[in-house]
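I have placed the structure first, in the form of structure tokens, so that the comments after it can refer back to it.
The values are calculated or read from the model by the stated rules, or taken from the named source; none is laboratory data. Owing to the predicted nature of the structure, the values given are computational and were not obtained by experimental measurement. Note that each Cβ is placed from the backbone with ideal geometry, even for glycine, and that neighbours are counted across all protein chains shown.
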Amino acid sequence: MGWLYQNAIKPALFRLDPEQAHELSVQALALLGRVRPLCAAFERLQQLPPAAYRPIDFCGLKFPNAVGLAAGFDKNGWAWPAAAALGFGHVEIGTVTLHAQPGNPRPRAFRYPAEAAVINRMGFNNAGAAALAARLVRLPGPGQRSIPLGINLGKSKVATLDQATEDYLGSFRLLADHADYLVVNVSSPNTPGLRELQDAAWLKPLLAALVAENQGRVAAGKARRPLLLKIAPDLTFSQIDAALGVIDELKLDGIIATNTTLARPGALATVNQAGGLSGRPVRSRSTEIINYIARTTQGRLPIIGVGGIMDEVSAGEKMDAGASLVQLYTGLIYRGPFFAAEIARALAERQRR
């Protein structure tokens, strides 16, 4: 399948506009997810045999392997039922916002094959939290799925910073019943003002409100959901320290490091496209931040590592730096649909050795 992707499917997809290719990929996986016998057959082939490999415990959940599909691929929750069939051990859908929004004007995604990179300025294009909740309520819920499902929450563009807390709370209330875990995304570079929410002055009241809402679920007889924060690779270490202080004080469950970057390292220094850069160029900075978080928290804060995973080595670096799980997306574009299964097997064998 790897040969077929590299020599036939990938060249055809790369002749298309990146967003058009992405939409076709989502549609194909959505179709696979609806053909349950075929999906189940692929899942048996691609998932690690449970008799040989132990599941990974993370934030009170069990993951069949260490590799997840990062947020951004499946914004509206159409394709995730097929994620396990590709070998993923978890999937994160979204980013979803309370209000439906079209995102930024097209074109808004750009490939750089020589650097195994993508720049995007999508702008949280999605159908909104209510539409996603209506779709998820018809599908297997928490405890009924073969892999955990995370939901990544962002701020609606129409919401001001002063309205951000209520905006996130609205999405949380609509979607918490359907998620195995939830992620607070304050780190996308493509929504004006969003990254200001990473500052402790904004971050603390936002997270405090979500933590209180989450605890309120217990009082209402519902399950509390693990809550994680996703941060940018462009933060300074002092800014990371401030965010970690808020996380520690409020007892958040974990952190995802990192989102896309505004930096343009190396050969991309002359590229004049706004948006977040992902892929190989963000690899080292993401790993550096993971390592910093792990050392600063003495390994007590669960970490999902994201950024520049293009092979077994770059995935292993994230784990060595302190991540318990990893996620990928851009690697899927360049390496093909079963890249996750390949990395999951390699990491599991590495851990067993």
Q) What helices (runs of 4 or more DSSP H), lying completely within segment 10-98, carry at least 2 residues that are under 22 Å from Met310 (Cβ atoms)? A) 10-14, 18-34
Q. Of all residues in segment 232-265, how many are part of a helix (DSSP H, G or I) and either modelled with pLDDT under 95 or among the hydroxyl-bearing types (Ser, Thr, Tyr) (or both)?
A. 1
Q. Quick one: would you say Leu182 is part of a helix (DSSP H, G or I) and either touching a His at 6+ places or on another chain (Cβ under 7 Å) or at pLDDT 95 or above (or both)?
A. no
**Q.** The listed residue being under 20 Å from Pro233 (Cβ atoms), at pLDDT 95 or above and surrounded by fewer than 19 Cβ atoms within 10 Å (Cβ to Cβ), out of Asp199, Asp177
**A.** Asp199
**Q.** Identity of the residue in segment 85-139, of a type in the set (D, E, K, R) and farther than 28 Å from Arg15 by Cβ, that ends up surrounded by the fewest Cβ atoms within 10 Å (Cβ to Cβ)
**A.** Arg138
(Q) Against the condition out of contact with any helix residue (DSSP H, G or I) (no Cβ under 6 Å at 6 or more places or on another chain), of a type in the set (D, E, K, R) and surrounded by 21 or more Cβ atoms within 10 Å (Cβ to Cβ), how does Asp162 come out, does it pass? (A) no
Q: Quick one: which residue in Gly322, Gly336 is small (Gly, Ala, Ser), modelled with pLDDT of 95 or more, out of contact with any Ser or Thr (no Cβ under 8 Å at 6 or more places or on another chain) and within 15 Å of Ser286 (Cβ to Cβ)?
A: Gly322
Q. Checking Gln144 against (1) under 28 Å from Leu13 (Cβ atoms); (2) part of a loop (DSSP other than H, G, I, E, B), which test does it fail?
A. (1)
Q: Select, from Val326, Val306, Val282, the only residue that is in contact with a helix residue (DSSP H, G or I) (Cβ under 6 Å, 6 or more places away or on another chain), closer than 22 Å to Phe73 by Cα, among the β-branched types (Val, Ile, Thr) and in contact (Cβ under 8 Å) with a residue 40 or more places away in the chain.
A: Val326
Q: List the number of the failed condition for Phe110; all other conditions in (1) within 17 Å of the chain's Cα centre (by Cα); (2) part of a strand (DSSP E or B) hold.
A: (1)
Q | Number of the condition not met by Gly299 [criteria: (1) surrounded by 19 or more Cβ atoms within 10 Å (Cβ to Cβ); (2) in a loop (DSSP other than H, G, I, E, B)] | A | (1)
Q) Considering only residues of segment 53-82 that are touching a residue at least 60 places away in the same chain (Cβ under 8 Å) and of a type in the set (Phe, Trp, Tyr), which is farthest from Gln327 (Cα to Cα)? A) Tyr53
